[in-house]
Amino acid sequence: MHDIVPTQRLHLWLESGRDMFLGLGRVQLLERVEEFGSLNKAAQAMGMSYRAAWGRLKRSESVLGAALVEKTGPKQGFRLTELGRDLVQRFRDWHAEVEAYALTRARQTFPWPIEPFDEPCPADVPGDPEKPRRA
């Protein structure tokens with residue numbers, strides 16, 4: 001029992017009613033859009049279809065009532081809006097704070113050396129990045 005080294009995993013998201021509008025997968029998608037300037041390239045980097053990425057983005061924007069991305073010009077691609085950049089940063093800050101607190105409490109609570117989860121690159125994770133994996 002004492003030879004194990006558990007890894008802490010947390011799944012945090014925000015929802016309104018039945019609609020999840022901001023979670024780690026959406027934040028990663030927005031970060032890739034900003035990085036590549038393209039929703040198609042962002043979707044490919046995350047191992048998802050353009051249609052799935054577009055649908056998730058549009059669902060989030062619908063719940064928020066505001067755009068998270070904007071076109072950079074005719075056939076030029078996308079970039080994050082000010083709101084999109086702000087929500088990405090706020091989510092990342094909140095996620096890091098919650099994870100740090102949870103890790104401290106886990107280490108105080110359990111007899112094992114709990115390790116933090118090292119987030120993989122979305123392209124390294126098969127399957128739907130919006131669906132939590134079950135152990």
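The values are calculated or read from the model by the stated rules, or taken from the named source; none is laboratory data. Quick caveat, the model's predicted, so the values are computed rather than measured. Counting neighbours? That spans all protein chains shown, and the Cβs are built from the backbone with ideal geometry, glycine included.
Worth a mention:
- Pairs where the first residue, in the range 32-48, is touching a residue at least 40 places away in the same chain (Cβ under 8 Å) and the second is among the polar types (S, T, N, Q) and surrounded by fewer than 18 Cβ atoms within 10 Å (Cβ to Cβ), C-beta under 7 Å, 6+ apart: 37/72
- When residues of the range 26-58 are limited to those that are under 15 Å from the mean Cα position of the chain (by Cα) and outside any helix (DSSP H, G or I), the one surrounded by the fewest Cβ atoms within 10 Å (Cβ to Cβ): 47
- Unique residue being loosely packed, with under 12 Cβ neighbours inside 10 Å, under 24 Å from residue 118 (Cα atoms) and free of Cβ contacts under 8 Å to residues at least 40 places away in the same chain when the list is 3, 86: 3
- First in the range 94-118 and exposed (fewer than 11 other Cβ atoms within 10 Å of the Cβ), second anywhere and in a loop (DSSP other than H, G, I, E, B) and among the aliphatic types (A, V, I, L, M), Cβ under 7 Å, 6 or more apart: 113/5
- Members of the range 6-25 found to be in a strand (DSSP E or B), surrounded by fewer than 19 Cβ atoms within 10 Å (Cβ to Cβ) and not hydrophobic (A, V, I, L, M, F, W, C), listed by number: 7, 15, 16, 19
- Residue that is surrounded by the fewest Cβ atoms within 10 Å (Cβ to Cβ) [pool: residues in the range 59-83 that are charged (D, E, K, R) and part of a helix (DSSP H, G or I)]: 82
Results for (1) under 21 Å from residue 73 (Cα atoms); (2) among the hydroxyl-bearing types (Ser, Thr, Tyr); (3) modelled with pLDDT of 95 or more, shown as yes or no for each residue.
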{"site": "14", "(1), (2), (3)": "no, no, yes"}
{"site": "17", "(1), (2), (3)": "no, no, no"}
{"site": "23", "(1), (2), (3)": "no, no, yes"}
{"site": "27", "(1), (2), (3)": "no, no, yes"}
{"site": "31", "(1), (2), (3)": "yes, no, yes"}
{"site": "35", "(1), (2), (3)": "yes, no, yes"}
{"site": "45", "(1), (2), (3)": "no, no, yes"}
